[in-house]
Amino acid sequence: MLKFEVVHGPLLDGSADLLAVAVSGRPNSRDPVLGPLAKTLGVDLGTLADEELFEGKADQQLALSGRDRLPARRILLVGIDPTTPAYLRARTFAVAAVRHALALNLRRVALAWSDLWGLETAAWIEAAVVGAETGAYRFIEYLTEDRRPKNGVTSVVLCTPPGRRPPPPARVDEALARAGALAEALQLARDLVNEPPNVLTPAELARRAQATAKRVGLKIEVWDGPEIAKRGLHLLCAVQRGAENPARFIRIDYRPPKPSRRRVVLVGKGLTFDSGGLCLKPPKSMQDMKCDMSGGALVLATMLACALRKPKVEVIALIPCTENMPGGGAMRTGDVVRSYSGKTVEILNTDAEGRLILADALAYALDLKPSVLIDHATLTGACMVALGPNAAGLFSNDDAEAGRLLRAAQFTGEQYWRLPLAEDLKELLRSEVADLRNVGEQYGGAITAALFLRNFVGSVPWIHVDIAGPAWAEKATSYAPRGGTGFGIPTLLRFLES
Ligand code: BES
Ligand code: MN
Ligand code: ZN
């Protein structure tokens with residue numbers, strides 16, 4: 001993790017290797033950061049920017065030399081889109097600056113804002129820390145020799161706008177600690193998702209959850225295969241049977257300092273590898289299926305953040321973990337399995353396994369009497385077809401709770417889009433031999449998956465978030481790394497703290 005400090009005013013006298021400045025539009029000499037900077041450098045930044053075709057738009061950058069007039073050897077103007085949410089703007093700016101420094105092998109980066117875009121100190125620091133850690137993030141566990149990076153960015157200085165009263169040091173320290181907790185959670189989730197599936201088996205995921213829980217003092221319980229069967233989570237057992245590696249069921253409890261009447265139960269899909277089972281996926285679709293435990297990683301990481309940031313509500317996490325493999329014991333198409341809830345399910349596509357293990361976990365969650373039940377799962381390719389690769393689909397039976405989560409997302413800038421639990425598609429899940437079948441038809445796949453889950457949540461307020469797209473990035477984006485992204489953690493944490 002990086003070292004952070006907050007200083008007042010831009011670092012014209014500081015000692016950074018790179019000074020990055022957020023700029024929207026043509027650089028203006030009246031700007032409280034750019035003005036003094038241009039003067040010190042002895043250049044007209046507007047003219048220079050015109051020459052270099054830098055208009056201060058998103059994805060544009062202008063690199064300058066410090067010309068020996070500044071302690072910072074290099075300067076980077078980073079174009080920022082003023083229409084995106086302020087938190088995302090700050091995050092994106094930090095990502096771009098740190099990536100630039102990384103590419104040039106610079107160690108100490110200063111980030112300067114002339115305006116915090118309406119963000120309060122804590123949110124500004126959080127977005128900047130999350131962005132900087134995102135820019136610096138690399139999964140290098142399995143690289144050797146010359147593939148191992150030698151150095152990288154070590155410290156980041158956040159410069160408050162010159163015109164703004166500097167925040168009190170105690171507030172800054174607290175904000176840095178809270179931001180660091182979120183950054184740590186994001187790193188945990190990304191590492192877990194990026195870990196190869198031969199290493200991160202269900203048992204290993206459970207061990208890492210135990211190690212994390214122990215480190216921060218969270219209560220944790222892990223059920224093994226026989227225990228899962230004894231408890232009656234038969235759908236989870238059915239999915240596991242095609243695999244050599246046994247299943248696990250993880251429960252983690254967070255209790256707030258003061259007892260709360262609100263109990264949030266989180267469920268995360270912990271499919272450590274999805275081959276499709278007997279309905280085997282084609283090779284291309286299978287390549288990145290180690291990401292199918294992203295929901296579980298998100299939930300575990302959020303519990304870590306809870307332990308460190310102590311929101312006022314009670315939170316319980318449930319993570320059903322298994323592989324979906326085509327071994328000799330694998331579930332067949334046509335199999336009928338009795339779920340934990342008692343409802344029977346005819347399995348007609350073994351690749352629709354996520355909803356099976358979630359159904360048991362959701363039904364079990366009802367025993368815990370949640371105020372609200374929220375699941376996160378890389379559930380359907382159909383959701384990516386509907387919303388593209390960067391947005392999550394949100395389904396809910398409760399407008400108030402859904403609104404809360406969507407408002408949190410509007411703040412963080414993470415993309416969520418509410419999709420309907422369309423009643424007319426319900427009949428697609430009707431089976432002749434069981435209460436339900438586990439797949440609908442070709443169209444509306446994200447909706448039929450959500451409708452399937454709804455059969456297991458009773459009348460409890462429930463939100464289902466399909467993160468099949470945003471949990472994993474084929475290529476790095478302006479705000480997230482390649483591979484596991486950590487999507488959803490900032491928003492869910494904000495929801496728990498709202
Ligand atoms: N894990 C997949 C969904 C997925 C697809 C996640 C792409 C991430 C990226 C899920 O288990 C699955 O296979 N869903 C099927 C459902 C179908 C068989 C009804 C799908 O989306 O094709
Ligand atoms: Mn599948
Ligand atoms: Zn899956």
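The values are calculated or read from the model by the stated rules, or taken from the named source; none is laboratory data. Only a predicted model underlies this, so the values are computations on that prediction, with no experimental measurement involved. Every residue, glycine as well, gets a Cβ built from its backbone with ideal geometry; the counts of neighbours run over all protein chains shown.
Tell me which residues, restricted to segment 254-273, are within 20 Å of the chain's Cα centre (by Cα) and either not small (Gly, Ala, Ser) or not assigned by TED's automatic domain parsing to the domain that holds Leu356 (or both).
Scanning segment 254-273 gives Tyr254, Val264, Val265, Leu266, Val267, Lys269, Leu271, Thr272, Phe273.
Out of the helices (runs of 4 or more DSSP H) lying entirely within segment 1-116, which hold 2 or more residues that are within 26 Å of the chain's Cα centre (by Cα)?
Numbers: elements: 34-41, 45-51, 86-103.
In segment 1-116, 86-103 are the helices (runs of 4 or more DSSP H) which contain 2 or more residues that are within 26 Å of the chain's Cα centre (by Cα).
For segment 419-432, what are the residues that are farther than 15 Å from Asn349 by Cα and either outside any loop (DSSP other than H, G, I, E, B) or of a type outside the set (Gly, Ala, Ser) (or both)?
Once the filter is applied, which keeps residues that are farther than 15 Å from Asn349 by Cα and either outside any loop (DSSP other than H, G, I, E, B) or of a type outside the set (Gly, Ala, Ser) (or both), segment 419-432 yields Leu419, Pro420, Leu421, Glu423, Asp424, Leu425, Lys426, Glu427, Glu432.
Just to verify a result, which residue in segment 324-343, among those that are more than 19 Å from Pro246 (Cα to Cα) and in contact (Cβ under 8 Å) with a residue 12 or more places away in the chain, is surrounded by the most Cβ atoms within 10 Å (Cβ to Cβ)? Walk me through it before giving the result.
Start the filter on segment 324-343 by keeping residues that are more than 19 Å from Pro246 (Cα to Cα), which leaves 333-336, 338, 341-343.
Still in the list and also in contact (Cβ under 8 Å) with a residue 12 or more places away in the chain: 333-336, 338, 341, 343.
Numbers: Thr333: 14, Gly334: 9, Asp335: 16, Val336: 15, Arg338: 15, Ser341: 20, Lys343: 16.
Only one residue tops the list, namely Ser341.
Run Gln442 past the list (1) modelled with pLDDT of 95 or more; (2) within 13 Å of ligand 1 (Cβ to nearest atom) and report the number of the one that doesn't hold.
The number of the failed condition is (1).
Kindly list the number of the only condition in (1) more than 30 Å from Lys475 (Cβ to Cβ); (2) crowded, with 22+ Cβ neighbours inside 10 Å; (3) over 21 Å from the mean Cα position of the chain (by Cα) that fails for Leu318.
If we test Leu318 against (1) more than 30 Å from Lys475 (Cβ to Cβ); (2) crowded, with 22+ Cβ neighbours inside 10 Å; (3) over 21 Å from the mean Cα position of the chain (by Cα), just (3) comes out false.
Looking at segment 139-158, which of its residues are in a loop (DSSP other than H, G, I, E, B) and free of Cβ contacts under 8 Å to residues at least 12 places away in the same chain?
Quick first cut of segment 139-158, residues in a loop (DSSP other than H, G, I, E, B) only: 139-144, 148-154.
Matches in segment 139-158: Ile140, Leu143, Thr144, Arg148, Pro149, Lys150.
Can you pull out the residues in segment 19-63 that are touching a residue at least 60 places away in the same chain (Cβ under 8 Å) and charged (D, E, K, R)?
Asp31, Asp59
For segment 209-247, which residues satisfy the criterion of being buried (at least 17 other Cβ atoms within 10 Å of the Cβ) and over 23 Å from Ser275 (Cα atoms)?
Listed by number, the residues that qualify are Ala209, Thr212, Ala213, Leu218, Ile220, Val222, Trp223, Gly232.
Quick check on segment 142-161. Is at least one of its residues of a type in the set (Asp, Glu), touching a helix residue (DSSP H, G or I) at 6+ places or on another chain (Cβ under 7 Å) and either surrounded by fewer than 24 Cβ atoms within 10 Å (Cβ to Cβ) or in the same structural domain as Leu18 (by TED's automatic domain parsing) (or both)? Give the steps one after another, and end with the answer.
Kept after step one, since they are of a type in the set (Asp, Glu), are these residues of segment 142-161: 145-146.
Checking the rest, the ones that are also touching a helix residue (DSSP H, G or I) at 6+ places or on another chain (Cβ under 7 Å) come to none.
Scanning segment 142-161 turns up no residue that is of a type in the set (Asp, Glu), touching a helix residue (DSSP H, G or I) at 6+ places or on another chain (Cβ under 7 Å) and either surrounded by fewer than 24 Cβ atoms within 10 Å (Cβ to Cβ) or in the same structural domain as Leu18 (by TED's automatic domain parsing) (or both).
Does Leu405 count as on the phi < 0 side of the Ramachandran plot, in contact with a His (Cβ under 8 Å, 6 or more places away or on another chain) and not β-branched (Val, Ile, Thr)? Walk me through it before giving the result.
Working: on the phi < 0 side of the Ramachandran plot: yes; in contact with a His (Cβ under 8 Å, 6 or more places away or on another chain): no; not β-branched (Val, Ile, Thr): yes.
Spelling it out, it is not the case that Leu405 is on the phi < 0 side of the Ramachandran plot, in contact with a His (Cβ under 8 Å, 6 or more places away or on another chain) and not β-branched (Val, Ile, Thr).
It is to be established whether one or more residues within segment 369-384 are part of a helix (DSSP H, G or I) and either away from ligand 3 (no atom under 15 Å from the Cβ) or out of contact with any helix residue (DSSP H, G or I) (no Cβ under 8 Å at 6 or more places or on another chain) (or both). Working first, answer last.
Pass one, segment 369-384, residues part of a helix (DSSP H, G or I): 381-384.
Filter once more, keeping what is either away from ligand 3 (no atom under 15 Å from the Cβ) or out of contact with any helix residue (DSSP H, G or I) (no Cβ under 8 Å at 6 or more places or on another chain) (or both): 384.
Yes, because at least one residue in segment 369-384 is part of a helix (DSSP H, G or I) and either away from ligand 3 (no atom under 15 Å from the Cβ) or out of contact with any helix residue (DSSP H, G or I) (no Cβ under 8 Å at 6 or more places or on another chain) (or both).
Kindly indicate whether any position in segment 359-376 is aliphatic (A, V, I, L, M) and under 19 Å from the mean Cα position of the chain (by Cα). Lay out the reasoning, then the answer.
First, the residues of segment 359-376 that are aliphatic (A, V, I, L, M): 359, 361-363, 365-366, 368, 372-374.
From what is left, the residues that are under 19 Å from the mean Cα position of the chain (by Cα) are 373-374.
Yes, the conditions are met somewhere in segment 359-376.
Does Ala449 satisfy the condition of being assigned to a helix (DSSP H, G or I), buried (at least 19 other Cβ atoms within 10 Å of the Cβ), over 21 Å from the mean Cα position of the chain (by Cα) and in contact (Cβ under 8 Å) with a residue 40 or more places away in the chain? Quick ask: steps written out before the conclusion?
Working: assigned to a helix (DSSP H, G or I): yes; buried (at least 19 other Cβ atoms within 10 Å of the Cβ): yes; over 21 Å from the mean Cα position of the chain (by Cα): yes; in contact (Cβ under 8 Å) with a residue 40 or more places away in the chain: yes.
Considered against the rule, which asks whether it is assigned to a helix (DSSP H, G or I), buried (at least 19 other Cβ atoms within 10 Å of the Cβ), over 21 Å from the mean Cα position of the chain (by Cα) and in contact (Cβ under 8 Å) with a residue 40 or more places away in the chain, Ala449 comes out as yes.
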